[in-house]
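What follows is a single structure, written as structure tokens, with notes after it.
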Amino acid sequence: MQTDSSFTFVLFGGTGDLSMRKILPALFEAHRAGGMLADSGKIVAVARHATNRGEYIQWVNEHVKPHVSKNGVDETAWASFLERIEFVNIDLGKAEDFVHLRDAIQDLPGIRVFYLATGPSLFVPICHALASVGLNENSRIVLEKPLGYDLKSSNAINDAVGEIFAEEQIYRIDHYLGKEPVQNLLALRFGNALFEPLWRREWVESIQITIAEELGVEARGDFYDNTGALRDMVQNHLLQLLSIVAMEPPHSMDSDSVRDEKLRVLRALKPIDPRDIGKVAVRGQYHSGVIRGTSVPAYATEPGVKHESATETFVALKVEIENWRWAGVPFFLRTGKRLADRVAEIVVNFRAVPHSALGASALRAGANRLVIRLQPNETIRLYCLAKQPGEGMNLASVHLDLAFDQFFREGQMEAYQRLLLDVINGRLALFVRRDEQEAAWRWVEPILNEWKASNKPPKPYASGTWGPAASSAMLAQHGTYWLEEEN
Ligand code: BG6
């Protein structure tokens with residue numbers, strides 16, 4: 001991919017965790033690969049913990065370099081990458097300081113990208129300050145999650161940002177949309193004739209979507225304790241995955257065709273009746289336990305977390321989509337920290353054959369199932385039934401595997417790299433539109449409200465397990481089980 005789209009990439013929060021782990025390493029990767037970033041493109045860091053370019057470069061060398069490449073850094077590429085970096089020292093709280101930013105970048109070529117890798121409380125003040133010096137013209141703004149705490153606060157941010165930037169200038173990041181396997185889900189669904197006819201209520205019995213993590217809250221206890229898994233993972237990543245799994249085929253891959261279809265799914269989610277919450281939503285919190293042989297502490301004792309915290313670190317939900325294609329098909333969503341494994345996958349359970357001419361063993365052997373593993377080790381596994389060798393007609397479940405790394409050994413791109421290149425090149429399809437975000441908040445909010453009102457603590461689960469027993473019980477009520485419970 002060759003590009004001549006020049007750019008000035010202004011990174012607010014240039015010494016923050018996200019810049020260190022994701023944004024600068026992703027820009028370096030794009031630089032190192034060659035041809036992805038225009039030679040004239042510049043990165044302008046705005047950061048608190050440095051006073052001049054020299055100090056900033058030193059910080060980048062110390063903190064970013066260790067994150068850039070697992071197989072050793074290409075020193076020549078690293079040196080030329082550093083040449084792209086400029087530094088501006090301004091106080092983000094002082095709008096008048098933005099004159100210095102304008103002066104520093106006004107003669108730099110190409111499209112301006114303002115990446116707000118800062119806390120959300122700075123989003124609106126930064127936008128106002130940019131507008132006060134005319135920097136909102138001919139530019140793009142990238143907003144990181146969390147974008148608000150609920151519908152009202154997210155609307156307040158979107159309204160304020162929307163007065164300064166037009167919707168097509170706003171890039172709301174959900175990094176799950178940049179993951180290669182999520183892209184592949186679109187290819188699987190809309191590039192193959194095989195699956196689409198079966199992708200509906202007539203043939204699908206239930207669908208599961210899991211994003212499980214082994215990590216706990218790490219150094220983010222403070223933030224997480226005021227957020228919880230529903231806001232941190234469900235409102236965005238899980239509902240985005242769900243909308244891609246369930247959406248109608250778009251007319252094309254242009255940004256609004258895809259986003260229109262995703263929006264239709266989000267708007268068709270069956271609202272949760274507060275009286276049913278116990279039947280369709282499980283929330284849990286991790287206690288101490290053992291993960292891969294190492295003892296790990298309880299959530300409530302993590303730094304930054306309130307001792308009596310009622311914040312959920314696990315959520316399981318039963319979701320229904322009220323439309324022609326999916327009426328009556330349960331979608332089970334689940335996410336949690338300190339679970340038994342790190343895995344993100346989608347499981348499509350197909351219905352059993354309508355009549356088994358092959359006798360009882362066919363029914364016992366189950367039905368077809370498609371497992372799309374997003375991470376780690378992207379694979380697609382299709383479970384089929386086959387005759388066991390020998391006498392009689394006894395069936396067993398066997399599977400066909402498609403392991404992507406065996407087909408495509410090169411060219412894998414990290415989510416942030418893809419998304420940053422999309423911003424620089426003006427491609428909006430993988431960014432969340434305001435109406436999608438609103439629809440997602442509208443759907444999760446009754447759950448948040450009900451949990452708050454009920455005053456019940458989340459259900460405990462031991463670290464290193466698959467969450468509270470209530471999560472399995474919820475599926476059992478529908479005659480099914482989470483994939484890992486299969487014996
Ligand atoms: C982030 C959440 O959006 O996604 C984190 O804030 C979570 O809590 C992370 O750990 C998971 O992303 P990934 O790419 O590691 O699956």
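The values are calculated or read from the model by the stated rules, or taken from the named source; none is laboratory data. Since we're looking at a predicted model, the values are computed, not measured. Every residue, glycine among them, receives a Cβ derived from its backbone with ideal geometry; neighbour counts consider all protein chains shown. Remember, those area values only see protein heavy atoms, side chains included, never the ligands or the DNA or RNA. Shrake-Rupley method; radii C 1.70, N 1.55, O 1.52, S 1.80 Å.
Residues Asp256, Asp174 ordered from highest to lowest accessible area at a 1.4 Å probe: Asp256, Asp174.
Note on Glu438: accessible area approximately 40 square angstrom, rounded to 10, probe 1.4 Å, nucleic acids and ligands left out.
Dividing the summed -39500 (n - 2.57) terms of all DSSP H runs of n ≥ 4 by the residue count of the chain sets its mean residue ellipticity at 222 nm at -8500 deg cm²/dmol. Got a number for carbon plus sulfur as a percent of segment 1-61's accessible area, 1.4 Å probe? For segment 1-61, the apolar C and S fraction of the accessible surface comes to 45 percent. With all projection directions averaged, the alpha carbon convex hull of the chain covers 25.1 nm². The accessible surface of segment 393-465, taken with every protein chain in place and a 1.4 Å probe, is 52 percent carbon and sulfur. Dipole magnitude for segment 391-472: about 440 debye, using +1 per Lys or Arg Cβ and -1 per Asp or Glu Cβ, origin at the Cα centre. Residue separation of Arg351 and Lys387 scaled by 0.36 nm, minus their Cα-Cα distance, works out to 11.1 nm of gained length. Distances between every pair of Cα atoms in segment 353-423, grouped in 10 Å steps from 0 to the bin holding the largest one, split as 17, 31, 22, 16, 10, 3, 0 percent. Of all aspartates and glutamates in the structure, those lying under 15 Å Cα to Cα from Lys145, and not within fewer than 8 positions of it along the same chain, are Asp17, Asp174, Asp232, Glu436, Glu438.
Calculated from the alpha-carbon coordinates, segment 278-411 shows an Rg and a Dmax of 20.5, 63 Å respectively. Which one, His175, Asn155, Gln208, is farthest towards the positive end of the dipole of segment 128-242 when Lys and Arg carry +1 and Asp and Glu -1 on their Cβ? Highest projection toward the positive end goes to Gln208. For segment 369-487, dividing the convex hull volume of the Cα atoms by the residue count gives 223 Å³ per residue.
For the chain, the solvent-accessible area works out to 45 Å² per residue, with a probe of 1.4 Å and every protein chain left in place. Largest accessible area first, the residues Met20, Met247, Met253 order themselves as Met253, Met20, Met247 under a 1.4 Å probe with ligands, DNA and RNA left out.
Given the chain, what percent of its DSSP beta bridges are antiparallel, to the nearest 5? Of all bridge pairs located within the chain, approximately 55 percent are antiparallel. Applying both filters, DSSP loop and at most 16 other Cβ atoms within 10 Å, to the trypsin sites (Lys or Arg not before Pro) of segment 15-92 gives Arg48, Lys70. Taking θ as phi - 60° and the Karplus parameters 6.51, -1.76 and 1.60, the scalar couplings of segment 290-303 work out to 10, 10, 6, x, 10, 6, 10, x, 6, 3, 5, 9, 6, x Hz in sequence order, x denoting glycine and proline. Each residue was assigned an accessible area with a 1.4 Å probe, and for Ile90 the value is about 10 Å². In a fully extended conformation the segment linking Trp203 and Asp159 would gain 11.6 nm over its present Cα-Cα distance, using 0.36 nm per residue.
Given in Å, the Rg to one decimal and the Dmax to the nearest whole number for the Cα atoms of segment 432-471 are 14.5, 38.
Electrostatic tally near Lys22: other residues with Cβ closer than 11 Å to its Cβ, Lys and Arg +1, Asp and Glu -1, net -3.
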